[in-house]
Amino acid sequence: MTTALAEPDLIIRPCLPPFGGIFDLPGRETPVATHMPHAPFENLEEHLHEHLPHLHISYGFEIARHELEHLPESTHLEVVMAIKKEHRVDCNPIFVNRKNASEGECLKIGGEDVHWIHSEDTARKATELFARTGRRLPEDMYFSGFLTSTPDERETRAYTREELFEAIGDGLLVEQHFQATWLEPREEPIDPYDVIIYLGSTDTRYHTFFRLPAIVPLGAS
């Protein structure tokens, strides 16, 4: 057994949005697109992007096949986004392409849709790990963190080794969406900008940072 597998790890690797049709919004062809308020999908008042100008931010990630014994006994998934200080960000469920491409389907782990709750501790963790790489965020940006939660987004939700193994199976390719809106409501659009995203889990060492560009370089896939 290699050193990398000496302790349980959940390996999550980022990619560009793999499905391209989910939500079917204008500008959806790029990972970072600016939108004015648009018709609600669920008509929820707390979804500020339904009422305010916002950035629609989308990316994908892949979880390769894992052996059961290589997964942690229990863990929360983590995602953190670096955004500008005048913005706040909300995180959507994880989508898989099991229905028609413009709808997608929420990924279920342990019989429930994967949802997210804000976590200051996770944001601090990402800030410290990012600093260890010798880099710092620009002065006008900060990390906003999330942990997996119950569907009502009131409490954090950890997944057991068996729940993760059942969901991952022989591998998993998914798509994730964020909406960044004004912290103090404004009617003006948000200019697109590159964002930095952290992916990890609470009970494994593996994590990754990647930059999600507002304009994808030629040749990226």
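The values are calculated or read from the model by the stated rules, or taken from the named source; none is laboratory data. Not measured: the values here are computed from a predicted model. Neighbour counts run over all protein chains shown; Cβ positions are idealised from the backbone, glycine included. Accessible surface is based on the protein model in full, side chains and every heavy atom, while ligands, DNA and RNA are left aside. Shrake-Rupley method; radii C 1.70, N 1.55, O 1.52, S 1.80 Å.
Remarks
- For the range 123-216, the set of GluC sites (Glu not before Pro) satisfying both a DSSP loop assignment and a count of at most 10 other C-beta atoms within 10 Å is given as Glu139, Glu155, Glu187.
- Between the alpha-carbon centres of the range 121-187 and the range 60-120 there is a gap of 8 Å.
- Note on Thr127: accessible area approximately 70 square angstrom, rounded to 10, probe 1.4 Å, nucleic acids and ligands left out.
- The range 75-165 shape via C-alpha gyration tensor axes, a/c threshold 1.5: prolate
- Arg161 accessible area, 1.4 Å probe, all protein chains in place, Å² to nearest 10: 50 Å²
- Rolled with a 1.4 Å probe across the full set of protein chains, the surface gives Lys84 an accessible area near 60 Å².
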